[in-house]
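Bear in mind that the values in this text are calculations on the coordinates, not laboratory data. On a predicted model such as this, the values are computed, not experimentally measured, just so you know. Glycine gets a Cβ as well: all are built from the backbone with ideal geometry, and neighbour counts include every protein chain shown.
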Amino acid sequence: MWRDFDTLAGPSSEWVTGYVCYATRLIECAEFDRIGVLKTLLHRQRRTGGWGYNHAVPTDSDSTAWAVLALSTANIARPSVLYRARGYLVAHRQSSGGFATYSDDDGIERYIQANAGLTAGWRSSHPCVTAVVLQALMAVGEAASADLICGGARFLAERQDDSGGWRAYWWKGHAYSTYHALRFLAMAGALPESAASKACALLERTQAEDGSWSGDGSGGDVFATSHAVLALLLRPGVGGRAAAQRGAEWLLRNQEPGGRWPSAPMLRIPPPMAENPDPADSWRIDDRGTGVVVRDRAGIFTTAASLWALSVVDRMGLTGLAGTERRRAS
Amino acid sequence: MLDEVWLRVRRGLVHRLEKSGQWMEHDAYAAFMRERKTVGQALSQGVLREALGEEDFCLIQSESAYARACHRLSTRIPLILSFGSELGCSFYGLMDRTGQHARRAGEICAVFNLGISIFDLVQDCYPELVEEFAQCFHEQVLAELATDVSETRRLELRLTENSQPELRILLRIIVWFHQRIREAAKEEGAADAQRCLAALLREAYRSETESRVAPAMENALEVSRAKSSLPFLIICQTARLLAKSADGDVEPLARHIGDVFWLVDDLVDIPADFRDGALNAVVIDTSASSAWKRASREEYEALAGLLRGASIERAIDRLDENFRQAARILADQRLDGEAARRLRRVMAAYVRDWLG
């Protein structure tokens, strides 16, 4: 499994592995035993039906959703695995239609040794979690017409902010949350053209001259750029394609010689009681505990995000990748 | 119980195919599929781009087109194209050793295979679009497309009117396919072959439509079979249209191959088809005395019946027999050795691929 991030709970294995496996699903690499990694992930499913940040941390809906998405790329999971995972995810649904990271049954407060009343933020619904959970539910067969899909679509539609994006709880900036919200809404057939246009306009407006996007206005950020590129390519009209192509070219220019991409602090760990952490709050950078924003120290998560974006760009034939050439029928 | 079904299918199928020498060993399979993906990517960037035009090509490659199927379509486009191409080239090679139109056969069949996959996907995942689609594309239109250029133009006009990308892309593929078929038939003087192809296309369309409306029990198995195996006959007939000769043994071969993939598809899909109440050959066999679409409270009994009985093993037997019959035909010395070897590898690899 892959391991990355450095928090009080240690590095993440299950969550990071789920994300990386799914993010790289379009990439063929002879050296990578994808099925082997997925089987390892499969065996980490817990009695709750879910997966967690790592084996020691209670299960949560976001890690579970990424594990489910990863497993949906190969036909190796028995029906009961996905059935139990679905049940676990549904148990995190709230009356708003959104999904919380932790439910009352996950026991996160025992793990962090806090009172239940002090974990309201971590047990509330947020767009960045809801959008991914709903994608996972659709990946295991939930119909677009199902109540929980329609309810989730309403939850997300109501939370598109005036700028056109979606705010995230666990992530710096809006790119990750905006991409996943758009992606789910497109899957559910619930993405009005006006909402898509508004989001694309935000992304085009906030793109820097060099083609990058920033998580906090402070300079090009690979994670933010990757998700902005992915979001624009959900609706690949001419203007969006051009902006996405500039973003992809920035990603290519910023790949390090060793193959990875440089990471920047992007994962937020708000205080567990904070339900609406203000982006302007002072966050400690790369520190441990809560109220922090941390980077993936090994660059695995960021690199996977970049590969995801570039693989979609490559599939559309928008730009040549270093080391590959655009394939054409001869 | 679904787990037990899932395991029994996999173990039974792998064991049987290993015993009959049809199971492709892992390293050979992995290498073959990597090669097929590369070919598929080239087909995607070439013929598919040409068929769809730049805008719709980008759209079908995006993560939002046919998004309800999640990544099922988007990640598999290269393999779908490659599978169609390989079948088309192989059937063509068995009928015509000149190789003159091999590439053309491969390209037309590649795009056809993608079209069929998208057609199925729209039926499965976009029920609200089915009626709209049926208004611009139905059996009558299919009949006229074969020979009437103006029908193609009418369909092209519907493309510009259609704002639903899921339907527009499918219509573009249909128009492209029929244009290529008409051109090929005219150049090769293959009017008879074209008529046969048109009849097969109508039969396939009919079986797809029937499969969605709970066919009577006595017809259900044949409808299930036709829906899944006719595309293979269509690919064979497309190759025949371009081939100089028409070897009599190739059609039975196409039928056997179609039956292999029909059965592997239905065996693998038992859990999902149970969930969705979809037509499935193995489930029909179990429910011979009752309606094949059952209420959820009867699911336990139906699954228990499936596990108590030998429907799974019967389907595996039938699959294996069809595989052997196809291999027997391919071993015929009169057929082109390279094309025959190619087809055997394609069958073994894609059966393994469908099992996952």
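General remarks:
- Equivalent-ellipsoid semi-axes for the stretch B:103-255 (Cα gyration tensor, √(5λ), whole Å, largest first): 24, 21, 13.
- Virtual spin-label span in nm between B:L221 and B:L307, 7 Å along Cα→Cβ: 2.5
- Anisotropy class of the stretch A:163-310 from Cα gyration tensor, a/c 1.5 cut: oblate
- Rounded to the nearest 20, the size of the Cβ-charge dipole of the stretch B:1-142 about its Cα centre is 760 debye, with Lys and Arg at +1 and Asp and Glu at -1.
- Structure note, pairs A:K39/B:K227; A:K39/B:K37; A:K39/B:K19; B:K37/B:K227: Cα-Cα distances above 28 angstrom occur for A:K39/B:K227.
- Per-residue Cβ neighbour rank within 10 angstrom, fewest leading, A:I76, A:I149: A:I76, A:I149
- Taking label positions 7 Å along the Cα-Cβ direction at both B:V14 and A:N115, the computed distance is 5.4 nm, reported to one decimal.
- Mean residue ellipticity at 222 nm, helices only, the protein assembly as shown: -19500 deg cm²/dmol; runs of at least 4 DSSP H residues each add -39,500 (n - 2.57), and the sum is divided by the number of residues.
- Within 10 Å of the Cβ of each residue in B:5-16, the mean number of Cβ atoms contributed by other protein chains is 1.
- Candidates A:E28, A:E204, A:E249, ranked by Gaussian network fluctuation over chain A, Cα under 10 Å, top entry: A:E28
- Positive dipole terminus of the protein assembly as shown, leading residue within B:Y300, A:S177, B:T209 (C-beta point charges): B:Y300
- Normalised by 2.2 N^0.38 Å, with N the number of residues, the alpha-carbon radius of gyration of the protein assembly as shown equals 0.98.
- Choice from B:N219, B:N113, B:N322 with maximal GNM fluctuation in chain B (Cα, 10 Å cutoff): B:N219
- Its relative contact order, with pairs defined as Cα atoms under 8 Å and 6+ residues apart, puts chain A at 17 percent.
- Each Lys and Arg contributes +1 and each Asp and Glu -1, all at the Cβ; summed about the Cα centre of the protein assembly as shown, the dipole is approximately 1000 debye.
- When each of B:F261, A:F301, A:F32 is scored by the number of other beta-carbon atoms lying within 10 Å, the sequence from fewest to most is A:F32, B:F261, A:F301.
- Computed over chain A with a Gaussian network model linking Cα atoms closer than 10 Å, the most mobile of A:S218, A:S103, A:S72 is A:S218.
- Dipole orientation for the stretch A:124-243: of the candidates A:L137, A:A168, A:W213, A:L137 has the Cα lying most toward the positive pole (charges on Cβ; Lys, Arg +1; Asp, Glu -1).
- Within chain A: Cβ-based charge dipole about Cα centre, in debye rounded to nearest 20 (Lys, Arg +1; Asp, Glu -1): 840
- Likely footprinting exposure, A:S194, B:S228, A:S63, fewest C-beta neighbours within 10 Å first: A:S194, B:S228, A:S63
- The HN-Hα couplings worked out from phi for the stretch B:72-89 by the Karplus form 6.51 cos²θ - 1.76 cosθ + 1.60 (θ = phi - 60°) are 4, 7, 4, 6, 9, 3, x, 6, 5, 5, 5, 4, x, 4, 4, 4, x, 4 Hz, whole numbers, x standing for Gly and Pro.
- Per-residue packing, averaged as other Cβ atoms within 10 Å, sorts the ranges A:155-161, A:43-49 into the order A:155-161, A:43-49, beginning with the highest.
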